[in-house]
Ligand SMILES: *[C@@H]1O[C@H](CO)[C@@H](O)[C@H](O)[C@H]1NC(C)=O
């Protein structure tokens, strides 16, 4: 374990040191969208080995958001499912999105007292789905769930309801149906495109409508399929992190429209944040300076960097697509990968266990 960590960090520092400065005499290989140089190797190991044990819920229920429903359905039908808890790397606790704090506390208490699995890690190898995330609640059982178990939520998650490095957010389900792009539209370039509802802040909307460099949709499109051309002929796609509709972000990546995420605070809950190089395929900018402020940041992105961002985005786009049934490397399987890399949970030492052993 220690030696493989050392190898990994050596590899990482090697690539950090050498990739940017080495001039490439031959055509360079296409840049990798992944943070880890061994992502595909780890992914393959995940798809061959991951085993998840799902507790049976007290009452039948369904999830309210599309991403959660798809994730839950995919999980129950996936090859990762095991009925043998001794084989499981991870334990999934399904509960209704409308559960009360009291019922949730009772559920965790039951798991803790009736079964041996929770106590082994105090819940750190357990995960749950909660679309909007769990806030701080004083009940001890719920606190343990929030602090130790992996929360899977819809992106974006409200402040205070997401614990970076532990929790995971689901890629949004795209509502766009994009058609192949015709060559003629690609030749007439736009600086930016803003789909209906992507930016909601009133002053930004007003500025965008008046700005000739942006194409802003102020009404829902008649047919969703006209988006493909608009994405492909625009260098940047604007999304507002708080309040805006971010469901088009995966399609923007796919069509080479670099996502520009407008947010006044640091974003810690991006989907697939520990898998893909978000910083190199999207632009993050504060909204305070208005559209001129945004444009100032965009003008600093030179042609070469823009090209690289588009390539990385297109290479990463498959990970944002929800399929039913799931396909290799798609949203469901990449979220499963994120769970897999979190499986080496810290096993908290329990005094009594020490005493017994
Ligand atoms: C788990 O630990 C709690 C004490 O924190 C204890 O009350 C409970 O009985 C334990 N559960 C099992 C199944 O041993």
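The values are calculated or read from the model by the stated rules, or taken from the named source; none is laboratory data. In this text, all values refer to a predicted model and were calculated from it rather than measured experimentally. With ideal geometry, Cβ positions are generated from the backbone for all residues, glycine too; neighbour counts draw on all protein chains shown.
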Selection over the stretch 290-310 where residues are within 19 Å of residue 206 (Cα to Cα) and touching a helix residue (DSSP H, G or I) at 6+ places or on another chain (Cβ under 7 Å) yields a count of 2
Per the filter on the stretch 320-357, residues modelled with pLDDT of 50 or more, over 22 Å from residue 68 (Cβ atoms) and touching a helix residue (DSSP H, G or I) at 6+ places or on another chain (Cβ under 6 Å) are 345
Within the stretch 97-119, restricting to residues that are in a loop (DSSP other than H, G, I, E, B) and under 16 Å from residue 146 (Cα atoms), the one that is farthest from the ligand (Cβ to nearest atom) is 97
Flagged pairs (Cβ under 8 angstrom, 6 or more apart or on separate chains; first in the stretch 133-157, outside the structural domain of residue 91 (by TED's automatic domain parsing); second part of a helix (DSSP H, G or I) and surrounded by fewer than 21 Cβ atoms within 10 Å (Cβ to Cβ)) are none
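Considering only the stretch 156-172, I want to know if a residue exists there that is surrounded by fewer than 19 Cβ atoms within 10 Å (Cβ to Cβ) and farther than 30 Å from residue 252 by Cα.
First, the residues of the stretch 156-172 that are surrounded by fewer than 19 Cβ atoms within 10 Å (Cβ to Cβ): 158-161, 163-166.
From what is left, the residues that are farther than 30 Å from residue 252 by Cα are none.
Looking through the stretch 156-172, none of the residues is surrounded by fewer than 19 Cβ atoms within 10 Å (Cβ to Cβ) and farther than 30 Å from residue 252 by Cα.
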